[in-house]
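The values are calculated or read from the model by the stated rules, or taken from the named source; none is laboratory data. The structure presented is a predicted model; accordingly, all values stated were derived computationally and were not measured. With ideal geometry, Cβ positions are generated from the backbone for all residues, glycine too; neighbour counts draw on all protein chains shown.
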2 protein chains.
Amino acid sequence: MHGANRTPVVVIGLGSMGTALAEAFLEAGHPTTVWNRTAAKAAPLVAKGARHAAAVEDAVAAGPLIVTCLTAFEDTRTALEPAAASLRGRALVTLNSGSPAGARETAAWAAGHGARFLAGAVKNVPSAVGAPDTLLYYSGDRSVFEEFEATLRVLGGDTVHLGDEADLAALYEMAVGAVLLPALVGFFQGAAAVRARGLEAASMVRFTGKWLDMIKSLLPTYAEEIDSGDYTDAASSVNLFLAGASYDEELAEEANVDVEWLAPLNGLVKRAAEAGHGEHSISALTEVLRRPERAA
Amino acid sequence: MHGANRTPVVVIGLGSMGTALAEAFLEAGHPTTVWNRTAAKAAPLVAKGARHAAAVEDAVAAGPLIVTCLTAFEDTRTALEPAAASLRGRALVTLNSGSPAGARETAAWAAGHGARFLAGAVKNVPSAVGAPDTLLYYSGDRSVFEEFEATLRVLGGDTVHLGDEADLAALYEMAVGAVLLPALVGFFQGAAAVRARGLEAASMVRFTGKWLDMIKSLLPTYAEEIDSGDYTDAASSVNLFLAGASYDEELAEEANVDVEWLAPLNGLVKRAAEAGHGEHSISALTEVLRRPERAA
């Protein structure tokens, strides 16, 4: 399937996500060079047609587009350091977690070595890589995005450039990702509660799925309230959530689950009510999540 | 639209949800009697054809099916107490928040007054009442559900009887509902972060929506892991989330948002890792959310 006209790509970091990225490039016919600190992880990809570079310098030299999928920005710079001289003129695209500050540091580091830089994130699980609906967003050097857009789109059909500032993708990654752990812990707590009753967690899945759909349907309204700062037309008020907080301890007793992690959430609701948002939309919590401006 | 063959219904409690319930019954042609402590709230419904009962006794006497939509079970019993003698032989259906214990108490109270009892929950916002896909679940006296199923389905096409025990709906209500506040606070925190950068919360909506779809897609696997107790085939490990926790403080600095509510969530992740679940699926958090059995 190697088409001579397909852009050669380099994938650095072969965890489950990096492996999925390399597989997607291979399936789309891109000559794909892979590198991983633990070389054994490359073997399944070599079996599928990847070229394995023993040294990271050789990997970087193998193509114009270097896609890294390491744990964090610091790991990325550390792994690439021996190959820094080879980065000049190439496009470096990072797909990892990390803070906006980490993205900015890496952008400066890449610029220092003469590389063009794009920082991105895969907004899905490894098994979703390559699907038409899978979202990846990038920010940074627009010329990289424009030149390699078709190649990047191999990783997911919903591929977006957020803006020219290299740290925007990391900002959105944190902002959007902030829902994940809290939502999962909510589901796990519910699962513990139904299992304490001798029922299966599987019996909740359809209901929680619809509940997530409902939450999704509320987001445009909440965003509008937050952007306008007008919380007065409340479908679900802060006071309504305040009333619900009293059930947590009953749930703890009923199902013998640990609800202590909910205390600071209920504390935010209480602070919002105390700040005069009781009859306002629950989205007014955004106001109490802002820390006071520090003195200059 | 009042069909002589439509079951007369009584709606007690005319907050935004109770009003939506009464409107749906009216639109479907059910003779609908309404009662609310603050009588003024009945006026818009009367304009749409509802009969307003000035006294709760008169309301209860007006039909075989009494649907209450008050804040909690205690409020429901208090509101109905003056009409208790009229409940005999009727079906009482509660649609409110509350604990399983509250549902059990209300079931015993209803039985004491000779009423058949079903406790339920509307799993959506008032504006979704009556839609074909809107979920309502009930538990308790199956004969009530069977006799009035067509009438109850007027409130939402996805109408389910969970089982004969009156407290099951309240259990699921808590278990499924546990996702809501944590997920919303995650979204609000993200919104505060993008707004601190001068961007609109609206710019996150599409991305967070897809992220919620992704979370939904993971639930069947997590439920299977939890039900089997086998967490070893981890798509996202506890250690992966542990690594992510370090970014919270960076986000706090970057966007000047309060991340303290995340500390106990990260604490659960840490406890799971310490309990030997580091390389297990994040769903192993369910194990640390279970409180140790108390000594008999």
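You will find that of A:V144, A:V129, the residue that is more than 28 Å from B:F188 (Cβ to Cβ), among the aliphatic types (A, V, I, L, M), crowded, with 19+ Cβ neighbours inside 10 Å and within 14 Å of chain B (Cβ to nearest Cβ) is A:V129 and no other.
To keep it simple, each residue is scored yes or no on (1) within 23 Å of A:R195 (Cα to Cα); (2) not charged (D, E, K, R).
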site: B:E253; (1), (2): no, no
site: B:N256; (1), (2): no, yes
site: B:A263; (1), (2): no, yes
site: B:G267; (1), (2): yes, yes
site: B:A272; (1), (2): yes, yes
site: B:A275; (1), (2): yes, yes
site: B:S283; (1), (2): yes, yes
site: B:T286; (1), (2): yes, yes
site: B:R290; (1), (2): yes, no
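Of the residues making up the range B:270-277, none is within 18 Å of A:V259 (Cβ to Cβ), surrounded by fewer than 16 Cβ atoms within 10 Å (Cβ to Cβ) and of a type in the set (D, E). For the range A:216-224, the criterion of being surrounded by fewer than 19 Cβ atoms within 10 Å (Cβ to Cβ), of a type in the set (G, A, S), part of a loop (DSSP other than H, G, I, E, B) and more than 7 Å from chain B (Cβ to nearest Cβ) is met by no residue.
In the range A:225-237, how many are more than 9 Å from every other protein chain (Cβ to nearest Cβ) and surrounded by fewer than 17 Cβ atoms within 10 Å (Cβ to Cβ)?
Of the residues in that region, 5 qualify.
A:S217 satisfies every condition listed in (1) of a type in the set (S, T, N, Q); (2) touching a helix residue (DSSP H, G or I) at 6+ places or on another chain (Cβ under 7 Å); (3) at negative phi except (2).
Looking only at the range B:203-215, decide whether some residue is over 30 Å from A:G163 (Cα atoms), facing chain A (nearest Cβ under 7 Å) and of a type in the set (F, W, Y).
Within the range B:203-215 (the criterion being over 30 Å from A:G163 (Cα atoms), facing chain A (nearest Cβ under 7 Å) and of a type in the set (F, W, Y)), the answer is no, since none of the residues qualifies.
Within the range A:187-198, one or more residues are within 21 Å of the chain's Cα centre (by Cα), outside the structural domain of A:V129 (by TED's automatic domain parsing) and buried (at least 19 other Cβ atoms within 10 Å of the Cβ). Report yes if A:A110 is within 13 Å of chain B (Cβ to nearest Cβ) and in contact (Cβ under 8 Å) with a residue 12 or more places away in the chain, otherwise no. Taking the combined requirement at face value, the residue does not satisfy it.
Residue check: is A:A103 farther than 20 Å from B:A201 by Cα and under 14 Å from the mean Cα position of the chain (by Cα)? Considered against the rule, which asks whether it is farther than 20 Å from B:A201 by Cα and under 14 Å from the mean Cα position of the chain (by Cα), A:A103 comes out as yes. Filtering the range A:254-264 to residues that are at the interface with another protein chain (Cβ under 8 Å from one of its Cβ atoms), touching a residue at least 60 places away in the same chain (Cβ under 8 Å) and either buried (at least 19 other Cβ atoms within 10 Å of the Cβ) or in a helix (DSSP H, G or I) (or both) leaves A:E254, A:A255, A:V257, A:W261.
The residue that is surrounded by the most Cβ atoms within 10 Å (Cβ to Cβ), among those in the range B:14-46 that are within 14 Å of chain A (Cβ to nearest Cβ) and of a type outside the set (S, T, N, Q), is B:G18. Put simply, of B:L240, B:L251 the only residue that is in a helix (DSSP H, G or I), more than 7 Å from chain A (Cβ to nearest Cβ) and over 25 Å from A:F207 (Cβ atoms) is B:L240.
Please determine whether any residue of the range A:270-283 is under 18 Å from B:T208 (Cβ atoms), hydrophobic (A, V, I, L, M, F, W, C) and within 7 Å of chain B (Cβ to nearest Cβ).
Yes, the range A:270-283 contains a residue that is under 18 Å from B:T208 (Cβ atoms), hydrophobic (A, V, I, L, M, F, W, C) and within 7 Å of chain B (Cβ to nearest Cβ).
Within the range B:148-185, the residues that satisfy the criterion of being touching a residue at least 24 places away in the same chain (Cβ under 8 Å), crowded, with 20+ Cβ neighbours inside 10 Å and assigned to a loop (DSSP other than H, G, I, E, B) are B:G156, B:L162, B:A166, B:D167.
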